[in-house]
Amino acid sequence: MDFKFTEDEEVFRREVRQWLEQEIPQRWIELAPGIWEETEESWALAREFQRKLSQKGWLAPSYPKEYGGLELSHMKRLILAEELAYSRAPLSIEVEVTVNWVAPSIMLFGTEKQKKDYVSSIAKGDIIFCLGYSEPNAGSDLASLQTRAVEVGDEYVINGQKTWCSYGHLADYCWLAARTDPDASKHEGISIFIVDMKTPGITIRPLINILDRHSFNEVFFDDVHIPKENLVGQKNKGWYQLMIALDFERSSIGYAAANQRIIEELIKYAKETTRNGEPLANDPLIRNELAQLAVENEVARMMAYRIAWMFSKGLHPSYESSMSMVFISEVMRHTANAGVRILGHYGELDRDSKWAVMNARIMRMCLSSLSIGVGGGSNEIQRNIIAMRGLGLPRK
Amino acid sequence: MDLGLSEEQAMLKELARDFLQKECPKRLVRQLDESDEGYSSELWHKMAELGWMGLVFPEKYGGSERNFLDLTILLEEMGYNIVPGPFFSAVVLGGLTILTAGSEEQKIEFLPKIASGEMILSLALTEPTASYDAASVKTKAIARNGEYVIKGTKLFVLNANVADYILCVARTKETKNPEDGITIFLVDAKSPGVKCTLLKTLARDKQCEVVFDNVTVSEKSIVGERDKGWPIVKDVLQKATVAKCAEMVGGAQAALDMAVNYAKERVQFGRPIGSFQAIQHYCANMATDVSGSRFITYKAAWKVSEGLPLALDIAIAKAWTSEAYGRVTLSAHQIFGAIGFTMDHDIHLYYRQAKAAEIIFGDADFQRAIIARELGL
């Protein structure tokens, strides 16, 4: 057992940190968009930054060199992800989806042509995918999705409705799950497709999120024709491909690192702020609360480290990722709520107020953290996975 | 970074689990819990033969020179099975104190005997304030003609009832700084004036009141330097805290395993209760608690092994693990329902352990106060 990084890894961490200090645009720092808060301006800044990151090979560091990757070790990827999140680098959630789910799935299940067409472009930061998974009646029960893809000649024709498509209005492609065999059982008739978002027949309608920002969309498919070659992997086996992809790289280290930064800022605030003539840091309740946040975040960090370590050993975490996800989601919600208690009335103020403290991050986090623990498999679904896959408890 | 066990550690773990399953069945655990001594001399000597007592001692003192991490792996298994007895007192609290601070003479005299199971030690630190700070040490040792006379009452002293020697933490000097002027004495438990009374406790562990009524000891019985004992106490408390966390990880794992197995077998409404989501989610939370506790504890143990700065990591491990163990055993009780509320069932043994482990060496609030300081608050 050994909890330290190698000297080479520490050097890498310093290199990343230094590079980020120089390269994160000033305007991004001013805008300070948190999760689900991108605007068109911040999106453009993020795209530009992602291209820069790709020039270092750090956007898709795990990829084979032929696709523009570095074949970086799991531990260095962990370090990179940690530093990116801690420094609040301009990376949107869709980069995560595109780089860590879509391209690895294409590499695993796609044709040679698909690999050539998409993977290198993804590694360069040139294209972004949105996910076409959820539907109005297929959320946690994703396998009951109804969007149809019918084979007609050398095309598939798609009809149906997707929802919660994050950044669908800005993405280049959709990674779509659609039903190709309506007569098979619900897990057996699903296939995965790549759909160009500019294809005629696609209508996008914004869903304004709880932060009053346009991040999600409803996407309607009306007789959308796509070439047959856009099917990824085997027809009707999409569900299994999708399940495997869910286990890719979900260490949630990014969340733990970002949350660490918030906790450090709360500690700083408590030290610098006086209430009723006493520094906040002298209040035993506040001390206890901040200490507990530090404890929880450290546990979350170790859980995330474990996932990376398992990958480095060639093991395949499944329920371990679910544990890590459930855990950090609750730590983040706890942090946001404790943050409001510590900041008091100031914790209510939004960014445009001259009285706002900590750039109103706590107020924003109070809202945004509601999504962690829901999106990408709710905590209840994750707990089912832990119970059934991890502990072998029976389904019936 | 490597979060896995080494081959040697994995072997030690497996051997310990098999041995304890066979040699320390729950029938024996109950029997010992109900007895006054709280340990079986037969089991004790078998454990000594396996080299467990001397695991971390150098070979020249009869040990096998393994590191602290190995000891925590062993303690995890002892926590898994629940092993009543003075192992923790003799090896962790007593042995490690002598190993880190004892004179060569003391090491030669005591360590081989601890390693062979011949000698049991106990650490008498806490007093009626029931607190782990230096200011609470009020027991006095007064120098007189090259000897010391100890007077005071120690409370919540583990296994003093069966100890051959008691490490008594006493005040030898009064200054403004409570950490200055504390000295550790090795006291023969049979010395005139030592009076030990067993306390009846929730976990039925053998905690005692030990009264030192003008007990005379020689200068040679001082461990470390006179007046400079507190750093030694602090050091051993830190190691003991991690060691206790390891026990808790094992205990929590056992409670989880028992509850999961029961949930798979117990049928209600025509199906195993483990197929109900309410029960599944209890189990998922328990598994997450166990997992988090394990890695946070290993991290702290690794720091002890490497001799790295560790005050923060240890406090984090204890704050988290002691609350997690409590939650896990409570959920286990909920899953077992009424049957868990009987003396016949085993789960309450773990629930009791969790409570005792939560309190010893400072509960989560105590640890969070340390953490806050370490964070610069």
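When A:Arg383, A:Arg395 are compared by accessible area at a 1.4 angstrom probe, the order from most to least is A:Arg395, A:Arg383. Selection among A:Ser87, A:Val219, A:Trp164 by position relative to the dipole of chain A gives A:Ser87 as farthest towards the positive end (Cβ unit charges, Cα centre).
The radius of gyration of the Cα set in chain A, together with its Dmax, comes out at 21.7, 78 angstrom. In chain A, the longest principal axis of the Cα atoms and the axis of helix A:40-55 are about 80 degrees apart. Once B binds A, the 1.4 Å probe can no longer reach about 4100 Å² of accessible area, counting both sides.
Computed log10 I(q)/I(0) for the range A:163-319 at 0.11, 0.21 Å⁻¹: -0.73, -1.23, from the Debye equation with unit scatterers placed on every C-alpha and solvent omitted. Per residue, chain B exposes an accessible area of 40 Å² to a 1.4 Å probe, with every protein chain left in place.
For the range B:7-119, the gyration tensor built on C-alpha atoms gives an oblate shape. Its axis ratio a/c (a ≥ b ≥ c) is at least 1.5, and a/b is not larger than b/c. Burial here means at least 40 square angstrom less accessible surface with every protein chain in place than with the chain by itself, probed at 1.4 Å; in the range B:320-369 the buried residues are B:Trp320, B:Arg368.
Taking all protein chains into account, the per residue accessible area for the range A:130-245 stands at 43 Å² (1.4 Å probe).
Radius of gyration over Kirkwood radius for chain B, both on Cα atoms: the Rg/Rh ratio is 0.98. Counting only DSSP H runs of at least 4 residues, each contributing -39500 (n - 2.57), and dividing by the residue count of chain A, the helix-based mean residue ellipticity at 222 nm comes to -13000 deg cm²/dmol. Residues of the range A:361-396 with accessible area at least 40 Å² lower in the all-protein-chain context than alone (1.4 Å probe)? Flagged in the range A:361-396: A:Arg383, A:Asn384, A:Leu391, A:Leu393, A:Pro394, A:Lys396. As a size descriptor, the averaged projected area of the C-alpha convex hull of the range B:231-374 was calculated at 9.1 nm². The Kirkwood radius of the range A:98-195, taken over pairs of alpha-carbon atoms, gives through the Stokes-Einstein law at 25 °C and 0.890 mPa s a diffusion coefficient of 173 µm² s⁻¹.
Taking Cα centre as origin and charging only the Cβ of basic (Lys, Arg, +1) and acidic (Asp, Glu, -1) residues, the dipole magnitude of the range B:1-60 rounds to 160 debye. Counting only alpha carbon atoms, the long axis of helix B:347-359 and the longest principal axis of chain B meet at about 40°. Using protein chains only (no ligands, no nucleic acids) and a 1.4 Å probe, work out which residues of the range A:293-323 have their accessible area cut by at least 50 Å² relative to the chain alone. Residues of the range A:293-323 that lose at least 50 Å² of accessible area once the other chains are added: A:Val295, A:Glu298, A:Val299, A:Met302, A:Arg306, A:Trp309, A:Met323. Each 20 Å bin, from zero up to the one with the longest distance, holds this percent of the alpha carbon pairs of the protein assembly as shown: 15, 42, 30, 11, 1, 0. Per-residue shielding of B:295-303, expressed as the average number of other chain Cβ atoms within 10 Å of the residue Cβ, stands at 4.
Evaluating 6.51 cos²θ - 1.76 cosθ + 1.60 at θ = phi - 60° for every residue in the range B:254-266, the Karplus couplings come out as 5, 4, 4, 4, 4, 5, 5, 4, 5, 5, 7, 9, 5 Hz, glycine and proline recorded as x. In the calculated pair-distance distribution of the range B:109-172, the portion above 17 angstrom amounts to 49 percent of the Cα-Cα pairs. One quarter of the surface of the convex hull around the alpha-carbon atoms of the range A:250-390 equals 9.1 nm², the direction-averaged projected area. Roll a 1.4 Å probe over the protein heavy atoms and report the accessible area of B:Ile339 in Å², nearest 10. Probe radius 1.4 Å; accessible area of B:Ile339 about 80 Å². Dipole size of the range B:231-374 about its Cα centre, with +1 on Lys/Arg Cβ and -1 on Asp/Glu Cβ: approximately 120 debye, rounded to the nearest 20. Over the range A:130-245, the reciprocal of the mean inverse Cα-Cα separation, the Kirkwood hydrodynamic radius, stands at 14.1 Å. Using alpha carbons only, the radius of gyration of the range A:19-94 set against its Kirkwood radius gives Rg/Rh = 0.98. Each Lys and Arg adds +1 at its Cβ and each Asp and Glu adds -1 at its Cβ; summed about the Cα centre, the range A:193-329 shows a dipole of about 320 debye.
Solvent-accessible surface of the range A:264-347, averaged per residue with a 1.4 angstrom probe and all protein chains in place: 39 square angstrom.
Protein-only accessible surface at a 1.4 angstrom probe places the residues B:Lys13, B:Lys195, A:Lys198 in the order A:Lys198, B:Lys195, B:Lys13, largest first. Ligands, DNA and RNA left out, the 1.4 Å accessible surface of the protein assembly as shown is 52% carbon and sulfur atoms.
Its relative contact order, with pairs defined as Cα atoms under 8 Å and 6+ residues apart, puts chain B at 15 percent. Roughly what angle does helix A:253-272 make with the longest principal axis of chain A, taking Cα atoms, 0 to 90 degrees, to the nearest 10? Around 20 degrees separate the two axes. Rounded if a/c is under 1.5, else prolate if a/b is larger than b/c, else oblate: which is the range B:123-227, with a ≥ b ≥ c the root eigenvalues of its Cα gyration tensor? Since a/c reaches 1.5 but b/c is at least a/b, the shape of the range B:123-227 is classed as oblate. Descending by average beta-carbon neighbour count within 10 Å, the peptides B:147-155, B:255-263 line up as B:255-263, B:147-155, the highest first. Summarising the label geometry, the points placed 7 Å from Cα in the beta-carbon direction at B:Glu209 and A:Glu21 lie 6.1 nm from one another. Close amide-amide hydrogen proximity is noted between B:Asn159 and B:Lys206, B:Gln207, B:Cys208, each under 5 Å apart and 5 or more residues distant or on a separate chain (H modeled in the peptide plane; Pro and chain starts excluded).
The values are calculated or read from the model by the stated rules, or taken from the named source; none is laboratory data. It should be emphasised that the depicted structure is a prediction, and the values quoted were computed from it without experimental measurement. For neighbour counting, all protein chains shown are included, and Cβ atoms are generated from backbone atoms with ideal geometry for every residue, glycine included. Surface accessibility is based on the protein's heavy atoms, side chains included, excluding ligands, DNA and RNA. Shrake-Rupley method; radii C 1.70, N 1.55, O 1.52, S 1.80 Å.
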